[in-house]
Amino acid sequence: MPYKRLSTRLSTVMLLSALSGAAFGDAIDHANPKHGKQLHDAACTSCHKRMYGGDAGAIYTQPGRMISDRTELLQRVALCVSRNHLNWFPDDEADVARYLNDSYYHFAR
């Protein structure tokens, strides 16, 4: 019996994860890349330049990059926002993710 409950719970978690991934992708679809570029240039570029010897864009174009889809891109932006104590709203994060996707990643919907 405990296995059946565990299986039901795992199925629920998997379903919610899939739905949240779709929601993340939708957030990028409706985001404003021009605003995202402004936020990115103001808050992200200087750190990325330090990390990559003056080439801020190298973080996005390096071989073996860890981002493989739009959901991971939005999650990574949210992680950077949290780590750097940026007081952005989720819409701001989506704007930056949209800018990065349009400019560097080109992940399809």
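Exactly one residue out of Thr45, Thr12, Thr61 is modelled with pLDDT under 95 and farther than 20 Å from Ser103 by Cβ, and it is Thr12.
If we scan segment 89-98, do we find a residue that is outside any helix (DSSP H, G or I) and touching a residue at least 12 places away in the same chain (Cβ under 8 Å)? Spell out how you get there, then give the answer.
Our first condition is that a residue be outside any helix (DSSP H, G or I); within segment 89-98, this holds for 89.
Still in the list and also touching a residue at least 12 places away in the same chain (Cβ under 8 Å): none.
No, there is no match, as no residue in segment 89-98 is outside any helix (DSSP H, G or I) and touching a residue at least 12 places away in the same chain (Cβ under 8 Å).
Given the criteria aliphatic (A, V, I, L, M), at pLDDT below 95 and either touching an Asp or Glu at 6+ places or on another chain (Cβ under 6 Å) or under 24 Å from Asp26 (Cα atoms) (or both), does Ala108 qualify? Yes; evaluated as a whole, the condition is true for this residue. The residue list Arg70, Arg65 contains one member that is of a type outside the set (A, V, I, L, M) and buried (at least 20 other Cβ atoms within 10 Å of the Cβ), which is Arg70.
Each row is one residue, and each column tells you yes or no for (1) hydroxyl-bearing (Ser, Thr, Tyr); (2) farther than 16 Å from Phe107 by Cα; (3) not in a helix (DSSP H, G or I).
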| site | (1), (2), (3) |
| --- | --- |
| Asp41 | no, yes, no |
| Ser46 | yes, yes, no |
| Arg50 | no, yes, no |
| Gln75 | no, no, no |
| His85 | no, yes, yes |
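The values are calculated or read from the model by the stated rules, or taken from the named source; none is laboratory data. These figures come from a predicted structure and were not determined experimentally. Heads up, the Cβs are rebuilt from the backbone with ideal geometry, glycines too, and the neighbour counts pull from every protein chain shown.
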